[in-house]
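Working notes, structure below.
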Amino acid sequence: MLTSGGQTVQAGTYWNLSNGSRVQMEQDGVLPGSGTTRYIKAPVPVMLMAAPVIGLVFAVFLPLIGIVMTLSLVGKKVVEGVESAAAGSMAFGWRPIQAYLVGRKAKKAAREKKEKKGGEKQ
């Protein structure tokens with residue numbers, strides 16, 4: 001029932017499994033293709049009966065494939081967001097280039113002024 005390309009076969013209809021093409025052998029002969037090409041011998045009525053079943057399987061699983069792909073994409077985006085949030089919160093804030101010296105004199109002056117006002121009220 002399953003044959004390879006290049007084999008001698010009897011007359012009949014052979015279906016290429018890789019690309020779905022049909023080869024009609026009118027008499028005994030050699031199937032086209034290399035040894036890796038696979039053919040199945042099936043009469044046309046059998047293939048016509050199998051076509052609706054194959055179509056039904058395709059119609060049932062196509063929406064499921066779409067749902068699974070969508071959930072996969074959403075899951076990847078959520079994981080990326082959590083990873084970036086975790087990486088941002090785990091980073092420390094030490095920056096050796098920045099000195100943060102601005103405003104120390106003003107803070108010191110404000111503290112002294114407050115102390116003077118506190119001393120005058122007593």
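The values are calculated or read from the model by the stated rules, or taken from the named source; none is laboratory data. This is a predicted model, so every value here is computed, not measured. Note: ideal-geometry Cβ built from the backbone for every residue, glycine included; neighbour counts use all protein chains shown.
The rows are residues; the columns are (1) part of a strand (DSSP E or B); (2) of a type outside the set (Gly, Ala, Ser); (3) at pLDDT 85 or above.
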{"position": "TYR14", "(1), (2), (3)": "yes, yes, yes"}
{"position": "SER18", "(1), (2), (3)": "no, no, no"}
{"position": "SER34", "(1), (2), (3)": "no, no, no"}
{"position": "VAL46", "(1), (2), (3)": "no, yes, no"}
{"position": "MET49", "(1), (2), (3)": "no, yes, yes"}
{"position": "PRO52", "(1), (2), (3)": "no, yes, yes"}
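Per-residue answers, yes or no, for (1) exposed (fewer than 14 other Cβ atoms within 10 Å of the Cβ); (2) not hydroxyl-bearing (Ser, Thr, Tyr):
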position: TYR14; (1), (2): no, no
position: SER34; (1), (2): yes, no
position: VAL44; (1), (2): yes, yes
position: ILE54; (1), (2): yes, yes
position: MET69; (1), (2): yes, yes
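Within region 20-31, being touching a strand residue (DSSP E or B) at 6+ places or on another chain (Cβ under 8 Å), over 18 Å from ALA51 (Cβ atoms) and not in a strand (DSSP E or B) holds for ASP28, LEU31. If you check ALA110, ALA106, ALA85 for being out of contact with any Leu (no Cβ under 7 Å at 6 or more places or on another chain), assigned to a helix (DSSP H, G or I), loosely packed, with under 10 Cβ neighbours inside 10 Å and modelled with pLDDT of 75 or more, only one passes: ALA106.
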